[in-house]
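The values are calculated or read from the model by the stated rules, or taken from the named source; none is laboratory data. Predicted model, so just to flag it, every value in this text is computed and none were measured. Here the Cβ positions follow ideal geometry from the backbone for every residue, glycine too, while neighbour counts run over all protein chains shown.
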Amino acid sequence: MSGFEKIDLISKTRSRLQSKTDGDDMSNKKRTRKRFQLSRKNLGMMTGIFLVIALLLTFGLIVPGISLAKSAQKTYTQAKIMADALKQQNIELASVELEKTKVALADTQKKMRPLIYLKFVPLANFYYNDAEHGLNAGAEGLKAATIVVDSLKPYADVLGLKGQGSFAGGSAEDRIKTAVLSMGKITPRIDEISDSLLVVRKEVDGINPDHYPEFLFGKNIKSQITQLKLLTDQGVEFVDEARPLIKVLPSLLGEKEEKKYLVIFQNDKELRPTGGFMTAYAIFRLDKGVIKLDRSDDIYVLDDSIPNKPKAPEPILKYLPKVSTLNLRDSNLSPDFIVSMNEFNKLYDRAGQKVEVDGIIAIDTYVLVETIKVLDNQISVNGQTYTTEEDARCDCPQVIYELEDNISRPVNYVRTDRKALLGDMLTALMSKALSSSPKQYWGPLFQTMLNQTYQKHVLFYLYDKDAQSGIEALNAAGKILPFEGDYLHINDTNFGGAKSNLFVTQEVEVAYDVKSDGAVQKTITVDYKNTYPPSDCNLERGGLCLNAELRDWIRFYVPNGSTLGKNTGSEVKMTTSEDLGKTVLEGFVTVRPLGKTKLTVTYDLPFKVEGGVLPVLIQKQPGTYGPQYTIKVNGKTVEKFELLTDKELKLKV
């Protein structure tokens, strides 16, 4: 059109677009340069942070960790040196090495301090705390060891504790005297030792085995820690509870003046309330720990020296035929050993052959068998060898058959010519043990005696009140114990005369029926079985009457106030009475050879369960070995075990 200039829209648009593109390129380049500059700044910051962390790890963890590890290894090595000095019985050297160990341990504790921040770091705090507990336990353990060493050090010459295995040298009597004299120097400070050991237990209990794997570097780490905790608990508990006994132990062993003890052999194959028929006795004298046999004889000889015996109590008149007076051998009618021995002493005080003693110790056949096992499975007594090998004549250890052949009597015939085998056998056992190196038999024998005491095959009644207090704290006095909760003690008495308990087994089922309001009804079923044929009990033929009819007076000791309900199996009407703070349910059964008998008794507990948990104590009868127990709650089996010793349960009901 004329008069107008032509406008090039396309070119201008392109120009604007080009200008915008050029601008965007410039912006992008600027942003790229900025990001590059920012990345270099971040990289520098990250590098700095890494260096700080590396320095912190190096100087806060790695360096102190390596230093701690070296110190711990040095402490461990020094502790082994100290232990070796003690093994060498060198008190003076042990004292020096003990001080070095304390210095080394203090250094390790010092090396731990830079790592204290780990207490606040998740996961790491577990291991720091465990290490701290371990070091604290070590320090208290060394404190206890120092007390022992310091107590013995002034007497090292007298006691022969100056190295080169001096304790193992000399005669058996010398070694025993050394042990007793050593003990007498430590016991005055037993309270301090016990207090330190209690702290050790507290620290060791603070270590959690679950923090560690089962295996690490080829070692059973978790199980080793668990075992350490268990052994520490047991050892410390033993020392703490036995404190009263330990304090007077040197005196009991005749440290200053000799002591005498009456040892009674209870034949558990003819079971009686405290563990067996009292068939023989011996008087032993201890002078500075050295044991001497003063007298050993048949219990009948001692019984015959008692004039004007009292009338027999009702259970004997009722269940023991042809016995109208109370004999010494039948006086252990109470299941509480102390109560029975008090009755024993009433008769013993009147015996013409009485010897003043400082206490009574009862043992049974299990003690003899287990002791012989430790002593190479055999012992020679008066020219005859006794072993623990199985004897086909009774399917029992040969020593048991020979003992029964020697000391047992037929039901209606009293042998008056029996040898004093108990004293001779115990003397032979001690002679063999003491004539050897201490490391050969002494350790295993000590463990065996502890185990036999724990299982109530050894019972103590010591006339020293403090000593007896310690014995009872260790549950070694055969006492019927008080208990808050449910309680059960089944007590069998063989009034048949034969040794039927050698062949009769017992299984017990305890069933709880818990009502909705917490009331509890219990049903106890006892199964007796005798799977062996009868013995030849013909007196004229001279048969050894081992297996014959078992005439069993049975008593259930249950919580006081329990109410007897239905019962079956007793050959007499079951009765209820009170004794030793318990309600007693009493019956009578017989078990014939190749026969079986079942006794069932139901009763209501005198209380209701609160909180859904029922504490239970089941006390084992001395002289028995592992009757099988099954515990049921509302028809469901919750526990199965052999009753080898007293057992405490917490049943969820």
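Overview of values
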quantity: Residue identified as surrounded by 19 or more Cβ atoms within 10 Å (Cβ to Cβ), farther than 27 Å from Phe337 by Cβ and touching a Gly at 6+ places or on another chain (Cβ under 9 Å) among Val589, Val520, Val609, Val526; calculated: Val609
quantity: Any chance Thr427 is part of a helix (DSSP H, G or I) and at pLDDT 85 or above; calculated: no
quantity: Of residues in the stretch 318-333 being hydrophobic (A, V, I, L, M, F, W, C) and at pLDDT below 95, the one farthest from the chain's Cα centre (by Cα); calculated: Val323
quantity: Every residue from the stretch 567-582 that is crowded, with 18+ Cβ neighbours inside 10 Å and either at pLDDT below 95 or more than 29 Å from Tyr532 (Cα to Cα) (or both); calculated: Lys582
quantity: Condition check for Leu347: in contact (Cβ under 8 Å) with a residue 24 or more places away in the chain and within 28 Å of the chain's Cα centre (by Cα); calculated: no
quantity: Residue in the stretch 530-553 that is touching a helix residue (DSSP H, G or I) at 6+ places or on another chain (Cβ under 6 Å) and closer than 26 Å to Pro606 by Cβ present; calculated: yes
quantity: Among residues of the stretch 330-354, those that are more than 14 Å from Ala312 (Cα to Cα) and acidic (Asp, Glu), counted; calculated: 2
quantity: Only listed residue being in contact with a Phe, Trp or Tyr (Cβ under 6 Å, 6 or more places away or on another chain), at pLDDT below 95, in the same structural domain as Ile490 (by TED's automatic domain parsing) and not acidic (Asp, Glu), chosen from Leu564, Leu539, Leu617, Leu585; calculated: Leu539
quantity: Tally of residues being among the charged types (D, E, K, R) and either in a helix (DSSP H, G or I) or touching a Gly at 6+ places or on another chain (Cβ under 6 Å) (or both) across the stretch 369-396; calculated: 2
quantity: Residues within the stretch 333-356 that are in contact with a strand residue (DSSP E or B) (Cβ under 6 Å, 6 or more places away or on another chain) and crowded, with 19+ Cβ neighbours inside 10 Å, tallied; calculated: 4
quantity: Leu253 being exposed (fewer than 15 other Cβ atoms within 10 Å of the Cβ), among the aliphatic types (A, V, I, L, M) and over 20 Å from Leu135 (Cβ atoms); calculated: no
quantity: Filter result for Asp527 (out of contact with any His (no Cβ under 6 Å at 6 or more places or on another chain) and either in a loop (DSSP other than H, G, I, E, B) or at pLDDT 95 or above (or both)); calculated: yes
quantity: Condition check for Asp233: surrounded by fewer than 18 Cβ atoms within 10 Å (Cβ to Cβ) and more than 21 Å from the chain's Cα centre (by Cα); calculated: no
quantity: Residue match in the stretch 363-379 (condition: in contact with a Leu (Cβ under 7 Å, 6 or more places away or on another chain) and aromatic (Phe, Trp, Tyr)); calculated: no
quantity: Helices (runs of 4 or more DSSP H) contained in the stretch 62-158 and holding at least 3 residues touching a His at 6+ places or on another chain (Cβ under 9 Å) and either in the same structural domain as Asp174 (by TED's automatic domain parsing) or modelled with pLDDT of 85 or more (or both); calculated: 124-152
quantity: For Asn501: the one exception among (1) surrounded by fewer than 22 Cβ atoms within 10 Å (Cβ to Cβ); (2) more than 22 Å from Leu580 (Cβ to Cβ); calculated: (1)
quantity: Matching residues, the stretch 544-568, being free of Cβ contacts under 8 Å to residues at least 40 places away in the same chain and of a type outside the set (S, T, N, Q); calculated: Leu564, Lys566
quantity: Per-region count, the stretch 551-583, residues at positive phi and acidic (Asp, Glu); calculated: 0
quantity: Strands (runs of 3 or more DSSP E) contained entirely in the stretch 554-653, each with at least 3 residues that are closer than 29 Å to Gln455 by Cα; calculated: 575-579, 582-591, 595-608, 613-619, 628-633, 636-642, 647-652
quantity: Considering residues of the stretch 188-213 that are at pLDDT 85 or above and hydroxyl-bearing (Ser, Thr, Tyr) only, the residue surrounded by the fewest Cβ atoms within 10 Å (Cβ to Cβ); calculated: Ser194
quantity: Test result for Tyr625, hydroxyl-bearing (Ser, Thr, Tyr), within 25 Å of Ile480 (Cα to Cα) and touching a Lys or Arg at 6+ places or on another chain (Cβ under 9 Å); calculated: no
